[in-house]
Amino acid sequence: MSNRKAHNSVLFLTTLGVYLGLVLVGGTAPQTLAHSATTRHFEISDEIEFGDELDNKPDGEVSTLADSVGVYLQDVEFFLSGLRRLSRVNKFDPATDSFEVSQSTLLPCIKDNRVGSYTAETFAINNEQLRPALEYFSKRLTDGYSLADCVPNARLGGEATSSRFVFKLDKSAFAVEVRVGKASAHNAASIIGQLNDTFRRLAVANGDGVRQKIYENTTFRSENDQVFIVTRLARGSLDPLFAKDAK
């Protein structure tokens, strides 16, 4: 996540990487994702209007932990706000629609690199009108927000970072989980305190409905040599956020 403009400028490489990932796993991923990855370029729809306010860093500037946490929170907020706008034009039904998207990523530790192994795992939706929003959000999650450590990787023949994301809306909750690999269990455990401190500094006492819900329902934890960022909102709590008169 050292520079999101660079990320967006090589979107076609990411798409190619997803395709190559599908080939590497032998085509076991759902065909809907394979088709999407190889036949269309994503364009932000007028109804969604997601932003890139944090894309204004000079080239080469290294992101801080606060940048990583802040961009993650903003990405989730933009996604939920986009769903709210889609619901207002009857393209998303918060009462019945569901989805699940997951992907694993390996990125070589090379400055400004975004070419790596993108392994598509799941892309399940019951409403095709949500596809652009899901594709856009998935592009935001592919680099693990620069939180992963560089560790030797035999598959890529050098040091690489590993991450995985899954986000879904089912009958019980809307959930986002980003998992990143660290060099050791100690590294994973030690960063949790820093993440929580950063999170508390970024949290606001009185935010708008969507933002406040995200702050209240995001947690960090470590397991062995992995760090997890998890946002989970009970499905019932989404109703007021998607109400026609919600701000």
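The values are calculated or read from the model by the stated rules, or taken from the named source; none is laboratory data. Just so it is clear, the structure is predicted and the values come from calculations on it, not from any experiment. Neighbour counts are summed over all protein chains in view; Cβ atoms, including those assigned to glycine, are modelled from backbone coordinates with ideal geometry.
Conditions tested, residue by residue: (1) under 13 Å from the mean Cα position of the chain (by Cα); (2) of a type in the set (S, T, N, Q).
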site: 101; (1), (2): yes, no
site: 107; (1), (2): no, no
site: 118; (1), (2): no, no
site: 122; (1), (2): no, yes
site: 125; (1), (2): no, no
site: 129; (1), (2): no, yes
site: 135; (1), (2): yes, no
site: 142; (1), (2): yes, yes
Quiz prompt | Flag for residue 90 being touching an Asp or Glu at 6+ places or on another chain (Cβ under 8 Å) and surrounded by fewer than 17 Cβ atoms within 10 Å (Cβ to Cβ) | solution = no
Exercise. Would you confirm whether any residue within region 196-205 is within 16 Å of residue 83 (Cβ to Cβ) and surrounded by 13 or more Cβ atoms within 10 Å (Cβ to Cβ)?
Key: no
Quiz item: Considering region 102-161 alone, what residues qualify as being among the basic types (Lys, Arg) and within 24 Å of residue 78 (Cβ to Cβ)?
Solution: 114, 131, 139, 140
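Each row is one residue, and each column tells you yes or no for (1) surrounded by 17 or more Cβ atoms within 10 Å (Cβ to Cβ); (2) closer than 17 Å to residue 81 by Cα; (3) modelled with pLDDT of 85 or more.
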| position | (1), (2), (3) |
| --- | --- |
| 191 | yes, no, yes |
| 207 | no, yes, no |
| 217 | yes, yes, yes |
| 222 | yes, no, yes |
| 229 | yes, no, yes |
| 236 | no, yes, yes |
Exercise. Could you grab me the full set of residues in region 130-170 that are among the aliphatic types (A, V, I, L, M) and either over 15 Å from residue 188 (Cα atoms) or out of contact with any strand residue (DSSP E or B) (no Cβ under 8 Å at 6 or more places or on another chain) (or both)?
Key: 130, 133, 134, 141, 154, 156, 160, 166, 169
Quiz prompt | Residue tally, condition closer than 29 Å to residue 213 by Cα and either charged (D, E, K, R) or touching a Phe, Trp or Tyr at 6+ places or on another chain (Cβ under 6 Å) (or both), over region 104-129 | solution = 4
Exercise. Filter region 69-87 for residues that are in contact with a Ser or Thr (Cβ under 9 Å, 6 or more places away or on another chain) and either buried (at least 21 other Cβ atoms within 10 Å of the Cβ) or at pLDDT below 50 (or both) and give the result.
Key: 69, 72, 76, 82, 86
Quiz item: If you go through region 141-176 one residue at a time, how many are buried (at least 17 other Cβ atoms within 10 Å of the Cβ) and of a type in the set (A, V, I, L, M, F, W, C)?
Solution: 11
